[in-house]
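The values are calculated or read from the model by the stated rules, or taken from the named source; none is laboratory data. None of the values given here were measured: they were computed from a predicted structure. Backbone-built Cβ (ideal geometry, glycine too); neighbour counts: all protein chains shown. Just so you know, the surface numbers come from the protein's heavy atoms only, side chains and all, with ligands and any DNA or RNA stripped out. Shrake-Rupley method; radii C 1.70, N 1.55, O 1.52, S 1.80 Å.
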Amino acid sequence: MDIQEALRHTVTTHPVVLFMKGSPKFPQCGFSARAVQILQACGLESFTAIDVLADPAVRQGIKEYSNWPTIPQLYVSGEFIGGSDIMTEMYQSGELQELIKGLNAAE
Ligand SMILES: N[C@@H](CCC(=O)N[C@@H](CS)C(=O)NCC(=O)O)C(=O)O
Ligand code: FES
């Protein structure tokens, strides 16, 4: 499986995936820390977090997968949602909470 296929598999087999720097407990960058805080504020008990600092191929590959140049990157139901700025906007408008509520309801 090449890296693009592996990434597709990851985002399509887990409902919420955050590609970030560091871990939810120990984020290594303020943007990633904000992304984690927002997901937690949405009431999400757990999500799949992938530390791009652990693997340069994932760090580069996910940028190509989404055609988006930065980390963090949020995927919900296999779809690329955005980085921390977009997450902040969607949280402020209530859109992100709705998206996540929809997931819980579907489970
Ligand atoms: N405004 C961006 C902030 C994220 C950002 O600028 N990330 C940079 C610094 S952490 C990045 O990923 N650079 C490429 C890299 O480090 O591989 C967002 O909305 O997520
Ligand atoms: S690691 Fe420097 S801004 Fe994210």
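Counting only residues that are modelled with pLDDT of 95 or more and either within 12 Å of ligand 1 (Cβ to nearest atom) or not in a helix (DSSP H, G or I) (or both), how many does segment 44-56 have?
Summing the residues that are modelled with pLDDT of 95 or more and either within 12 Å of ligand 1 (Cβ to nearest atom) or not in a helix (DSSP H, G or I) (or both) in segment 44-56 gives 9.
Can you say whether residue 52 is open to solvent by less than 20 Å² (accessible area, probe 1.4 Å), within 13 Å of the chain's Cα centre (by Cα) and away from ligand 2 (no atom under 16 Å from the Cβ), as far as the supplied structure shows?
Spelling it out, it is not the case that residue 52 is open to solvent by less than 20 Å² (accessible area, probe 1.4 Å), within 13 Å of the chain's Cα centre (by Cα) and away from ligand 2 (no atom under 16 Å from the Cβ).
Being in a helix (DSSP H, G or I), small (Gly, Ala, Ser) and farther than 18 Å from residue 12 by Cα is the filter here, so list the residues in segment 70-104 that pass it.
Matches in segment 70-104: 84, 93.
Looking at segment 74-107, which of the residues that are open to solvent by less than 50 Å² (accessible area, probe 1.4 Å), under 11 Å from the mean Cα position of the chain (by Cα) and farther than 13 Å from residue 34 by Cβ is farthest from ligand 1 (Cβ to nearest atom)?
Here the answer is 78.
Specify the residue that is nearest to residue 67 (Cα to Cα); the eligible residues are those in segment 11-43 that are assigned to a helix (DSSP H, G or I) and among the hydrophobic types (A, V, I, L, M, F, W, C).
11
Return the residues of segment 38-57 that are free of Cβ contacts under 8 Å to residues at least 24 places away in the same chain and of a type in the set (Gly, Ala, Ser); say none if nothing qualifies.
Across segment 38-57, the qualifying residues are 46, 54.
Among the listed residues 59, 8, which satisfies the condition of being in a helix (DSSP H, G or I), basic (Lys, Arg), under 21 Å from residue 100 (Cα atoms) and touching a helix residue (DSSP H, G or I) at 6+ places or on another chain (Cβ under 8 Å)?
So the residue among 59, 8 that is in a helix (DSSP H, G or I), basic (Lys, Arg), under 21 Å from residue 100 (Cα atoms) and touching a helix residue (DSSP H, G or I) at 6+ places or on another chain (Cβ under 8 Å) is 8.
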